[in-house]
Amino acid sequence: MNIQQASREALSFWHGLVDQMLSECSPEILHQVTPASTVNSIAATYAHMLMTEDVIVQARLRGVSVLFQSGAWQERTGIAFIGDPPMQTQDWASGLRMDIDTFRDYAAAVHGATDTYLADLADAELDRTTQGLIRETTVGRIIVLGVCTHFLTHAGEISALKGTFGLKGLPF
């Protein structure tokens, strides 16, 4: 198994798991913020996760427009684009209201584009040096740390937030 296949399998698992976790959340839970904390809502965290994957894969690795902008997702979702680099600020997160069904359509587009990119990625491309979100690095490192690890880290955050609201975090 190579990095591309391992990343595709990991992302498929985590994308599906997060979708399942979110299906158990009411709109109130999605937007609830823990009082006196610096943690954002589940909805803001989810939007950040997807926009970051979109920015990394489309803009940084492929060198094309991010899907959120090219697909008019801001108009469709009513959520402002997080930017590049995708910084989740308190101002951005505090006003975010998400229709989860519409946002799931965006998620499907992002996940599909990422999977297609990874499926077509040549082994030699993994060692190419490019600008990451923080510093210059390799494509392989960006995929493993910037895409896969970033997504699963925030999946854990969503799980923990669900637990603080009295729900079961992970479905297993």
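Can you tell me the length gained on complete extension of the stretch R141 to R104, counting 0.36 nm per residue apart and subtracting the Cα distance?
Working: separation 37, 0.36 × 37 = 13.32 nm, distance 2.71 nm.
That pair, R141 and R104, stretches by 10.6 nm at full extension.
Modelling each spin label as a point 7 Å along the Cα-to-Cβ direction, I'd like the T130/T164 distance in nm, to one decimal.
According to this spin-label approximation, the distance is 3.4 nm.
Work out the length of the dipole vector of region 113-172 about its Cα centre, built from +1 on the beta-carbon of each Lys and Arg and -1 on the beta-carbon of each Asp and Glu, and round it to the nearest 20 debye.
So the magnitude is around 400 debye.
Counting only protein heavy atoms and a 1.4 Å probe, tell me what percentage of the chain's accessible area is made up of carbon and sulfur. Kindly include the intermediate steps, with their values, before the conclusion.
On the way: 4500 of 8310 Å².
Using a 1.4 Å probe with all protein chains present, the chain comes out at 54 percent carbon and sulfur.
When the solvent-accessible surface of protein heavy atoms is calculated with a 1.4 angstrom probe, in what order do F68, F13, F172, F165 fall, highest first?
F172, F13, F165, F68
Report the gain in length on full extension from F13 to D123: 0.36 nm times residue separation, minus Cα-Cα distance, nm rounded to one decimal.
37.4 nm
Order the peptides 120-133, 15-28 from the highest to the lowest mean number of other Cβ atoms within 10 Å of their residues. The partial results should precede the final answer.
Values: 120-133: 12.7, 15-28: 15.2.
Ranked from most to least packed, the peptides come out as 15-28, 120-133.
Listed highest first by mean packing, meaning other Cβ atoms within 10 Å per residue, what order do 150-158, 92-100 come in?
150-158, 92-100
Can you figure out the FRET efficiency of D115 with F172, using R₀ = 35 Å and their beta-carbon distance, to the nearest 0.05?
On the way: r = 23 Å, r/R0 = 0.67.
Once rounded, the FRET efficiency stands at 0.90.
So what's the back-of-envelope 222 nm ellipticity for the chain, counting only DSSP H runs of four-plus at -39500 (n - 2.57) apiece and dividing by all residues, rounded to 500?
Estimated from H runs of four or more residues: -15500 deg cm²/dmol.
How far apart, in nm, are two points set 7 Å out from the Cα along the Cα-to-Cβ line at S94 and at N2?
4.8 nm
Between Q20 and V64, what is the spin-label point distance in nm, taking each point 7 Å from the Cα along the Cα→C-beta axis?
Spacing of the two 7 Å Cα→Cβ label points: 3.1 nm.
The values are calculated or read from the model by the stated rules, or taken from the named source; none is laboratory data. Nothing here was measured: the structure is a model prediction, and the numbers come from that model. Note that we place each Cβ from the backbone using ideal geometry, even for glycine, and neighbour counts take in every protein chain shown. Ligands, DNA and RNA are stripped out before the accessible areas are found, and what is left, the full protein with its side chains, is counted by its heavy atoms. Shrake-Rupley method; radii C 1.70, N 1.55, O 1.52, S 1.80 Å.
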